[in-house]
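We did not get these values from a lab; they are worked out from the coordinates using the rules stated. Nothing here was measured: the structure is a model prediction, and the numbers come from that model. Here the Cβ positions follow ideal geometry from the backbone for every residue, glycine too, while neighbour counts run over all protein chains shown.
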Amino acid sequence: MRTKPLLLASVLLNLIFAGWLMLVLGTRPGHPTPSPTIDTNPASAASITPQAAVPDAALHPAGASRVVPLDWRQVESPDYKQYIANLRTIGCPEKTIKEIIVADVNDLFSSRMASVTKTNQYQYWRKEPVSRSEEQERQLGGLYAQKREVLKDLGVHAPDFNDLLGEAFHGTMEARDLEIAFLPESKRQQIKEVIFQQAQQEVAAGNDVARSEPIEQQAQARIQSLLTTEEFKEYELRTSIDASQLREVLDPLAPTEQEFRVVFDSWRNLKAFGPATAEYREAQQSSETTLQQLLGPARFQLYLGGVKLLGYSK
């Protein structure tokens, strides 16, 4: 069972401190009276097995002269209902019990959802970099429904706005994770923090474009400062507006990854020159010659048509 150890450890430490204080004051702690377990349907609960079963252990003072140290392994149980009963036995607050169990069940189902799509490849050069089959969508929907039933059966279910958002935008969040999967874990976490802070600031800014644009620019500058030159280029190939527009233009061509990268570099190189200048026209002619050789005449004409539909020329 993948419990949040820090949360449970904090509860246990507080209980240990309380027992120590009672001992100092000359009061001998008695046996806590277990709260009744939740009366739910055993069949539905039996269908969910926590991820790492740990034997349940009875909690008894070893003697009147000392306080027995509590260990989270003594509290955990392979059965969620017994786990809740154990937490109540040691005096864990109901709010904390809910937080522990909900977090654990979320972890359990997150791993099951990830296993449904683990064979999917992330192809950043495609219009839809992550595509899920109808069967995968059906399985994911079923897992969300199962999770709600498990939490309801355990008596800790309450509709949560963040959870509903997670269900609605699971695909989007999965894609965001895959966009930065090429980076080391430490950098992935830093970028997620920057993106989260950017989202908070943009919500506060509302529809004020004058405030939103600087927020996005600052976030991009922070991300660039966290990455090497090569890492930032890879990041932009996956997340930039240019990359998004290029995926639209090249979609009818079914491009290879290498073709996407060459065209992306061509677009970025043209940005180094001011529009309508002699240098820009020369770079554009050179770019079109290169792309025609790369794509072939027929596909190059499709490319030009896509650029025209986009509303501007490259």
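Take 233-245, 207-219 and order them by the average number of nearby Cβ atoms within 10 Å per residue, most first; the result is 233-245, 207-219.
Estimated from the Cβ-Cβ distance and a Förster radius of 30 angstrom, the FRET efficiency linking Arg188 and Ser212 is about 0.75.
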